[in-house]
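Here the structure is laid out as structure tokens; the discussion comes afterwards.
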Amino acid sequence: MSQIFSNTSITNKWLISTLGLVFFVGYVILLYYSPQVSWCDDAFWSDWGRQLGLYNRYYTTVWGFGHPSYSPLYAFVLGGWFKVFGFSFFSAHMPNIIFFLICYLLLAFGLTERKLVSNPIVVVGFTFLFWWSPTLFWIVNCGRMEILCLLLAICTIYSFISDIERPSYYKKISLFINGFFLF
């Protein structure tokens, strides 16, 4: 057993990549076969993105949970996505699953690169908890901009840490841009 995990760096990278891909494909399959459910506050962001992407209008026709002072970054992302892939239940939810995969890879590789996580069993446990817990809270859902915020927060923190370790103007500019979009 110890020979299997003798080179934990390669094993961890393989585990992170493989498990991330398996969970990503699983989420996509579940999304494809999910029932057409009603959208509550998700409709505000989806319609705003649909209006931007399909009709080049910067307003939404959905009244209710949305407020005009909300940050438009998520709507711009959805608008670009809808312009390329069209508008459907599947295409409205797909960007968040992609964001979630990127968040997972950044966190998992970051934790193993910095030797904060070295045991492959912990990598498997982290992966299951990371991918399973959002389904409990419906975070990976269209209209939930928390995934984009999480991704921007992770990028901002990585920019900050890497600037502290090896300062450079590029890293300061990266920190500023990530922080700006997070704000």
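The values are calculated or read from the model by the stated rules, or taken from the named source; none is laboratory data. Here the structure is a predicted model, which means the values were calculated and not measured. Cβ sites come from the backbone with ideal geometry, for glycine too, and all protein chains shown count toward neighbours. Side chains included, ligands, DNA and RNA excluded: accessible areas come from the protein's heavy atoms. Shrake-Rupley method; radii C 1.70, N 1.55, O 1.52, S 1.80 Å.
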List pairs: first in segment 153-166 and outside any loop (DSSP other than H, G, I, E, B), second of a type in the set (D, E, K, R) and open to solvent by less than 50 Å² (accessible area, probe 1.4 Å), Cβ under 8 Å, 6+ apart or cross-chain?
-> SER159/LYS171; SER162/LYS171; ASP163/LYS171
Please go through segment 84-98 and pick out each residue that is at pLDDT 90 or above and aromatic (Phe, Trp, Tyr).
-> PHE85
Is one or more of the residues making up segment 107-126 at pLDDT 85 or above, within 30 Å of PHE44 (Cβ to Cβ) and part of a helix (DSSP H, G or I)?
-> yes
Of the residues in segment 147-177 that are open to solvent by less than 30 Å² (accessible area, probe 1.4 Å) and of a type outside the set (Gly, Ala, Ser), the one that is farthest from TRP131 (Cα to Cα) is ASP163
Screening SER69, SER9 for residues that are assigned to a loop (DSSP other than H, G, I, E, B) and either modelled with pLDDT of 85 or more or surrounded by fewer than 17 Cβ atoms within 10 Å (Cβ to Cβ) (or both) leaves only SER69
Just wondering, is there one or more residues in segment 32-45 that are modelled with pLDDT of 85 or more and either farther than 20 Å from SER17 by Cα or buried (at least 20 other Cβ atoms within 10 Å of the Cβ) (or both)?
-> no
